[in-house]
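For reference, the structure is listed below as structure tokens.
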Amino acid sequence: MKTLTTQIVIIGAGPSGLLLGQLLSKQGIDNIILERMTGDYVLGRIRAGILEQGMVDLLREAGVSERMDAEGEVHEGYEISNNGETTYINLHELTGGKTVMCYGQVEVTRDLMAAREAANLPIYYESTDVQPQNVTSEQPSVTFTYQGEQYEVQCDYIAGCDGFHGVSRKTIPQEKRTEHERIYPFGWLGVLSDTPPVSEELIYCKHDRGFALASRRSANRSRYYLQVPLDDKVENWSDEAFWEELKRRLPADAAAKLETGPSIEKSIAPLRSFVCEPMQYGHLFLVGDAAHIVPPTGAKGLNLAASDVATLYKIMCRVYQQGDKECITQYSEIALRRVWNGERFSWWMSNMLHDYSGVEMADMGGETFSRFMTSELGYYLGSEAGRRVMAEQYVGLPYEELRD
Ligand code: FAS
Ligand code: PHB
């Protein structure tokens, strides 16, 4: 067994792990990243596209924002189409000037990976059997296998940035954690295509046939989603079938402009709301999807991961630069307050914008639930106060500071 030593072990090289590693390294706090897959595999996962201002600020502080600032698109609002009737949610006007950045998660990950490589910072791709050890002791460690060799990394703290299917959350004993979950009765069929997007900004479409979202990655790359039944399969959807259904759900002016082309990525993602409480156990901290999952309807998944990173980063700076070890107890409480706000917004937007007809719910029929939600959507879109409630949450609620 080879022994390594560092201050913080980060499990997972998704956006959570890479961003945390970059911020800590800039403060001179040593860290090692252990990633199960190859870098190319991580970059092959097409995911989020909208960054809140808080995440944009973090990426700038991490010194990895040059390409985002050059290629990202600042969006001042988005449209909601309700069976073809569109309402513009003017983020900039409703929030006193705030906006969001449209820049793909893959590009964020690529920028962070490049920065780590340029600084020659340790990252072990294709690490297997990663296992946190003695997390409630003062000498935690992480064991893993790398290129056939057994390793143990001795450290002070462990950041579990290993996503929903990782090892970190399961390291917290079952009896010590409470898990909240809702599985939605539908999924999102996503398509990426090198075609000009139908709109300069996003269009969220509520439609009797099902939800659709028109998003983008650049002036020549589009990202579209369709609500599909939970048991649907990608092989059921030819590109032609996808484009025809998308046209039916888009508002007429956008449908008329839709430029179709071959899909370069096509996949179905299930939708779930999930929160693990607490988000820490001894010297182990859960970050991002390791602790929580949201339906992508509110564009919060990646952004909640970023706010977790911000909180843990501030705590670690205080531990190593001020010698204040007590402040680690604040992490879960602070992180969960913002997580639950993001969970609620994503759950609310999903209930309002998806079609529930045909869904059997515990206390009412799906058609009845859809009628309630259609009325909810109409009320919020119909009032400036309602649109402001949507806008404030979409741009992202403020990050919370540590208590002194
Ligand atoms: P990630 O899951 O991205 O990264 C975890 C990393 O840990 C992975 O690289 C994994 O290989 C690694 N890992 C796992 N187990 C390990 C182990 N035992 N040892 C070492 N490494 C291990 N969010 C949005 O805001 N908008 C969207 O449109 C959107 N779409 C999504 C679509 C899909 C299909 C999925 C799954 C998620 C989507 N999300 C979206 C949410 C997504 O963007 C996440 O919030 C984001 O990836 C969170 O980043 P991480 O916390 O780093 O987790
Ligand atoms: C995306 O561009 O992938 C995207 C944007 C906004 C969402 C979900 C996904 O709410």
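The values are calculated or read from the model by the stated rules, or taken from the named source; none is laboratory data. All figures in this text were calculated on a predicted structure; none of them were measured in a lab. Every residue, glycine among them, receives a Cβ derived from its backbone with ideal geometry; neighbour counts consider all protein chains shown.
Summary of values
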item	result
Some residue of segment 308-330 being under 24 Å from residue 188 (Cβ atoms), out of contact with any helix residue (DSSP H, G or I) (no Cβ under 7 Å at 6 or more places or on another chain), at pLDDT 95 or above and not in a strand (DSSP E or B)	no
Scan of segment 143-181 for residues that are within 27 Å of the chain's Cα centre (by Cα) and aromatic (Phe, Trp, Tyr), ordered by number	144, 157, 164
Number of the exception - residue 351 against (1) farther than 20 Å from residue 225 by Cα; (2) assigned to a helix (DSSP H, G or I)	(1)
Every residue from segment 367-384 that is of a type in the set (Gly, Ala, Ser) and under 28 Å from the mean Cα position of the chain (by Cα)	370, 378
Single condition residue 297 does not satisfy, out of (1) closer than 22 Å to residue 176 by Cβ; (2) in contact with a His (Cβ under 8 Å, 6 or more places away or on another chain); (3) in a helix (DSSP H, G or I)	(1)
Criterion (farther than 26 Å from residue 35 by Cβ and away from ligand 2 (no atom under 16 Å from the Cβ)) met by exactly one of 170, 233, 206	233
Output for segment 74-110, where each listed residue is more than 25 Å from residue 386 (Cβ to Cβ) and either touching a Phe, Trp or Tyr at 6+ places or on another chain (Cβ under 7 Å) or polar (S, T, N, Q) (or both)	105, 109
Lone unmet requirement of (1) surrounded by 17 or more Cβ atoms within 10 Å (Cβ to Cβ); (2) more than 16 Å from ligand 2 (Cβ to nearest atom) for residue 259	(1)
Segment 201-225, subset among the polar types (S, T, N, Q) and away from ligand 1 (no atom under 13 Å from the Cβ), residue surrounded by the fewest Cβ atoms within 10 Å (Cβ to Cβ)	220
Selection within segment 49-86 - surrounded by 15 or more Cβ atoms within 10 Å (Cβ to Cβ), assigned to a strand (DSSP E or B) and more than 16 Å from ligand 2 (Cβ to nearest atom)	82, 86
Considering residues of segment 226-253 that are in a strand (DSSP E or B) and touching a residue at least 40 places away in the same chain (Cβ under 8 Å) only, the residue farthest from ligand 1 (Cβ to nearest atom)	229
Condition met for residue 291 (among the small types (Gly, Ala, Ser), closer than 12 Å to residue 275 by Cβ and modelled with pLDDT of 95 or more)	yes
Subset of segment 262-301 that is within 13 Å of ligand 2 (Cβ to nearest atom) and crowded, with 24+ Cβ neighbours inside 10 Å - its residue that is farthest from residue 227 (Cα to Cα)	300
Any pair with Cβ under 7 angstrom, 6 or more apart, that starts in segment 186-213 at a residue that is at positive phi and ends at one that is more than 13 Å from ligand 2 (Cβ to nearest atom) and not in a strand (DSSP E or B)	210/249; 210/355
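Residue by residue, here is whether (1) among the acidic types (Asp, Glu); (2) part of a loop (DSSP other than H, G, I, E, B); (3) within 16 Å of ligand 2 (Cβ to nearest atom) holds:
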{"residue": "10", "(1), (2), (3)": "no, no, no"}
{"residue": "28", "(1), (2), (3)": "no, yes, no"}
{"residue": "33", "(1), (2), (3)": "no, no, no"}
{"residue": "47", "(1), (2), (3)": "no, yes, yes"}
